[in-house]
1. Looking at the stretch 287-302, which of the residues that are modelled with pLDDT of 95 or more and open to solvent by 60 Å² or more (accessible area, probe 1.4 Å) is nearest to residue 228 (Cα to Cα)?
2. Taking the criterion of being in contact (Cβ under 8 Å) with a residue 12 or more places away in the chain and surrounded by fewer than 17 Cβ atoms within 10 Å (Cβ to Cβ), would at least one residue in the stretch 3-12 satisfy it?
3. Only residues that are touching a residue at least 40 places away in the same chain (Cβ under 8 Å), assigned to a helix (DSSP H, G or I), open to solvent by less than 20 Å² (accessible area, probe 1.4 Å) and within 23 Å of residue 246 (Cβ to Cβ): list them for the stretch 154-183, please.
4. Of the numbered conditions (1) under 19 Å from the mean Cα position of the chain (by Cα); (2) closer than 22 Å to residue 172 by Cβ; (3) open to solvent by 70 Å² or more (accessible area, probe 1.4 Å), residue 130 satisfies every one except a single condition; which is it?
5. Within the stretch 266-317, can you find the residues that are among the acidic types (Asp, Glu), farther than 20 Å from residue 180 by Cα and more than 20 Å from the chain's Cα centre (by Cα)?
6. Using beta carbons and a limit of 8 Å, which pairs, at least six apart or on different chains, have the first residue in the stretch 48-74 and in contact (Cβ under 8 Å) with a residue 60 or more places away in the chain and open to solvent by less than 10 Å² (accessible area, probe 1.4 Å) and the second one in a helix (DSSP H, G or I) and acidic (Asp, Glu)?
7. For the stretch 98-127, how many residues are outside any helix (DSSP H, G or I), without any contact (Cβ under 8 Å) to a residue 24 or more places away in the chain and not polar (S, T, N, Q)?
8. Across the stretch 187-239, what is the number of residues that are open to solvent by 50 Å² or more (accessible area, probe 1.4 Å), modelled with pLDDT of 95 or more, out of contact with any Gly (no Cβ under 7 Å at 6 or more places or on another chain) and not aromatic (Phe, Trp, Tyr)?
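The values are calculated or read from the model by the stated rules, or taken from the named source; none is laboratory data. As the structure is a prediction and not an experimental result, all values here were calculated from the model. Here Cβ is always computed from backbone atoms with ideal geometry, including for glycine, and neighbour counts include all displayed protein chains. SASA here: full protein model, heavy atoms, side chains in, ligands and nucleic acids out. Shrake-Rupley method; radii C 1.70, N 1.55, O 1.52, S 1.80 Å.
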Amino acid sequence: MKLKMMYSFLNSDINTIERRLEETIQADSLLLKRASLHTLQAGGKRIRPVFVLLAGKFGQYDINIMKNVAVALELIHMASLVHDDVIDDADLRRGQPTVKAKWDNKTAMYTGDFIFALSLELMSEINKPLAHKILANTIVEVTVGEIQQIKDKYRFDQNLRDYLRRIKRKTALLISASCQLGAIAADVDEATHKKLYLFGYYVGMAFQITDDILDFTSSEEDLGKPAGSDLLQGNITAPALYAMENESIHREIEKVHEDMDPIQIQKVITLIKESGAIEKSIALSDLYLDKALAVLEQLPANRAKKTLRDIAKFIGRRKY
């Protein structure tokens, strides 16, 4: 089953969110408007808005309230991607030119700032201090994670704990916040919204680990960027870390640099794939998925719970 089919009963509300996204990024500046629209039209799984809506189904669901939270979380994600592409000097995102490639770095940075500011403006519609505190703390942690990723580039002596701490901040916390904020916006009780936070955290960890596996195992057509891009950019992920347990492979990975010949990087990718590192990474992702499913079992039974379970399982076996 395709991901979108799993939450097809939300289609009307998802369409509302898509319209709200496009309405929100309108700007007086034609350049900001075009760059923001370019980012939006590049697509995406919209997994964060989906989690907001599904979490809201455990409480008093009102799409007029939920849509502001859902759009705000997606805008924060979008802004972080625009900034990431500047930091990584990336020319492609989802198979399309990045904002920095289509325009320039300055335009990309201000576009990211603009989109981020819009998210905060939307969240101001939510009159719940706890929601704002959680969102602020999440943004702080995401920023710390981005700085740590810069510091960790081409640092080949890092360990798995460093990696897990980094992806927690880079990916998992925004997904967990999506679940928790969606629940809080729908007046869900504290015990339930804390469980939804945990579910989102575990799913977010599995999501990023799977993403990092696909960087080595998927095709450029599916990825929208060349295979091995993370390693070329100096981002040391789970497959590389597991492969580096082998001394000879460690020495080869240490030679990687951003201007490396494509043939040479393919040889390194092959070494990683043949080392058993992919299988170990899959097992790590499965560990987090199992934790997510265990937390989910503690939640009240409804259609949203079944959908969250289906999405979690899909994340573990996705190919793109």
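1. Looking at the filtered set, the residue picked out is 287.
2. yes
3. Selection gives 163, 167.
4. The single condition residue 130 does not satisfy is (1).
5. 274, 279
6. 49/74; 53/13; 66/13
7. So the count comes out to 1.
8. Residues meeting the conditions: 6.
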